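Peer 1: Below is the structure I would like to discuss, written out as structure tokens.
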Amino acid sequence: MISPLMPNYNRADLAFEHGEGAWLFDKAGRRFLDFGSGIATSSLGHGHPHLTRAIAEQAKRVIHVSNLYRIPGAELMAQRLVEASFADSVFFCNSGAEANEGLVKAMRKTMSDAGQPERIRIICFDGAFHGRTLAMLSATGNPKYQAGFGPAVDGFDHVPFNNLNALRAAITPQTAGILIEPIQGEGGIRSASVQFLRDLRATCDEFGLLLGLDEVQTGMGRTGKLFAYEWAGIEPDVMSLAKGLAGGVPMGAVLAKERVARALVPGSHGTTFGGGPLACAAGNAVLDVLLAPGFLDEIAATGGYLQAGLEKLCQDYPSVFTEVRGQALLAGVKCAVPNTDLQNAAVAEGLLTVAAGDNVLRLIPPLIVRQAECDEALARLGRAARHVQPAALEMAK
Ligand code: PLP
């Protein structure tokens, strides 16, 4: 008989009762060091006093009013995101896939408003992940996720990652823009080179295309800057955010330059829950922490420390770990054994991680993680490696 909760996930047999900082506890009192953060989402960790207080106080006042009315918390949060980014205006929604849908609609409508309604196609990249809605399955372009769900939504072309010649060859008179993750998260922590991102910006300018960044996973401080595009010194025309945006309260956003934002006139796009008082109270609390002086630098420093520790693990266990990837607290390590074996061995050591594509294991702790907790995680991952090592040595024979 089917379970009442639809069985569309492969869940580990673990249930957490509460959390504190970078730690999660189950009912039996077992402690787990959370280097998964609910897939890069619990940005302030668990039970953060500033975040929980903001949510509780807002819940007491009013949770939801709809976008028929002004929402002061949304106006404030949008203002803060605009001041801290390339963007002139922000649309709030509820998830990463929904943010990407809004981003693509805004790109197409911008072209249509400019008298080029034929420009509807978006160039995406092999290995991308943009979400699970029908259109985002096509933007993702991975047959693994598309199988059985009928015809692909038209309008998405795919080219190899970090390959400028292939990208330029894919541009047609119907191209509206480009959509790229600065670091592919689900695809295996694969970084776009700084040069590639700069070339994409230049190519968009040359051909009159829009540059869209999916910073659902890379954004909100995870790479040590508020947004990953800052490392390349470029600006997109439009960008999607979600995951860490409200510290675990569902929230997504589309940030856009004025020309793109103006395309979404009243009635053209919307969502019931988007930018509601509760999510914005959480989002503003996250911004209070992220924008406090020195906090992003601390992420960069702690992330560098974690990555150096992972490099050491690669040296110590070359039959298990082969390469460190990513930036700051969006870290990944390529495995020579099945990444899920390591993930399971890490759970047995009380460490939570997340598997990614390309046989990579992601280490994506809350942004408030301390160096001592990184040391602890690295020690536990080392023990997990020792458990899977005999199998790895066997495989190498
Ligand atoms: N875009 C990126 C880069 C992601 O990593 C994800 C989720 O993993 C999504 C979009 C989809 O976000 P959501 O699951 O909130 O729809």
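Peer 1: Which of the lysines could a cross-linker span from K334 if the Cα-Cα distance has to be under 22 Å and same-chain partners fewer than 8 positions apart are dropped?
Peer 2: Correct list for K334: K144, K312, K397.
Peer 1: What lysines does K105 reach when the alpha-carbon gap must be under 24 Å and sequence neighbours fewer than 8 apart in one chain are set aside?
Peer 2: K243, K257
Peer 1: What percentages, rounded to whole numbers, describe P(r) for the chain computed over all alpha carbon pairs with 20 Å bin width beginning at zero?
Peer 2: 27, 58, 15, 0
Peer 1: Determine the principal axes of the Cα atoms in the range 291-360, then give the extent along each, sorted from largest to smallest and rounded to whole angstroms.
Peer 2: 41, 22, 22
Peer 1: Name the chymotrypsin sites (Phe, Trp or Tyr not before Pro) in the range 1-39 that are in a loop by DSSP and that have at most 12 other C-beta atoms within 10 Å, would you?
Peer 2: Loop-located and lightly packed - Y9.
Peer 1: Under unit Cβ charges (Lys, Arg +1; Asp, Glu -1), what dipole magnitude, rounded to 20 debye, does the chain have relative to its Cα centre?
Peer 2: 460 debye
Peer 1: Oh, and also: Over the heavy atoms of S112, what accessible area does a 1.4 Å probe trace out, to the nearest 10 Å²?
Peer 2: Result for S112: roughly 50 Å² accessible.
Peer 1: Given a 1.4 Å probe, how much area per residue of the range 280-360 is accessible, in Å²?
Peer 2: 35 Å²
Peer 1: Take the eigenvalues of the Cα gyration tensor for the range 223-305, scale each by 5, and report the square roots as semi-axes in whole Å, largest first.
Peer 2: So the equivalent ellipsoid measures 26, 18, 9 Å along its semi-axes.
Peer 1: What is the Rg over Rh value, at two decimals, for the range 1-118, using alpha-carbon atoms and the Kirkwood definition of Rh?
Peer 2: Rounded to two decimals, Rg over Rh is 1.07.
Peer 1: Tell me the GluC sites (Glu not before Pro) within the range 71-169 that lie in a loop according to DSSP and have at most 16 other beta-carbon atoms within 10 Å.
Peer 2: Sparse-neighbourhood loop GluC sites (Glu not before Pro): E118.
Peer 1: Under the rule of -39500 (n - 2.57) per DSSP H run of 4 or more residues, summed and divided by the residues of the chain, what mean residue ellipticity at 222 nm is obtained, to the nearest 500 deg cm²/dmol?
Peer 2: About -12000 deg cm²/dmol.
Peer 1: Net charge near K109, counting Lys/Arg +1 and Asp/Glu -1 over other residues with Cβ under 12 Å of its Cβ?
Peer 2: Computed value for this residue: +4.
Peer 1: Q315 to A84: extension gain in nm, 0.36 nm per residue of separation minus the Cα-Cα distance?
Peer 2: 79.3 nm
Peer 1: Could you list the residues of the range 260-294 with an amide nitrogen less than 13 Å from a label point located 7 Å from the Cα of S66 in the Cα-to-C-beta direction?
Peer 2: Output list for this probe position: 271-274.
Peer 1: With Cβ to Cβ distances under 14 Å as the rule, what net charge do the other residues near K225 carry (K, R +1; D, E -1)?
Peer 2: -4
Peer 1: Give the residue list of chymotrypsin sites (Phe, Trp or Tyr not before Pro) in the range 124-175 that are DSSP loop and have at most 13 other beta-carbon atoms within 10 angstrom.
Peer 2: Filter output for the range 124-175: F149.
Peer 1: Now for a different question. Using 0.36 nm per residue of separation minus the Cα-Cα distance, give me the extension gain between A147 and A292 in nm, one decimal.
Peer 2: 47.7 nm
Peer 1: Right, here's the next one. Using only C-alpha atoms and all pairs of different ones, pull out the Kirkwood radius for the range 173-319 in Å with one decimal.
Peer 2: Kirkwood hydrodynamic radius for the range 173-319: 17.2 Å.
The values are calculated or read from the model by the stated rules, or taken from the named source; none is laboratory data. These numbers come from a predicted model, not from an experiment. Neighbour counts run over all protein chains shown; Cβ positions are idealised from the backbone, glycine included. These area figures cover heavy atoms from the full protein model, side chains too; ligands, DNA and RNA do not enter into them. Shrake-Rupley method; radii C 1.70, N 1.55, O 1.52, S 1.80 Å.
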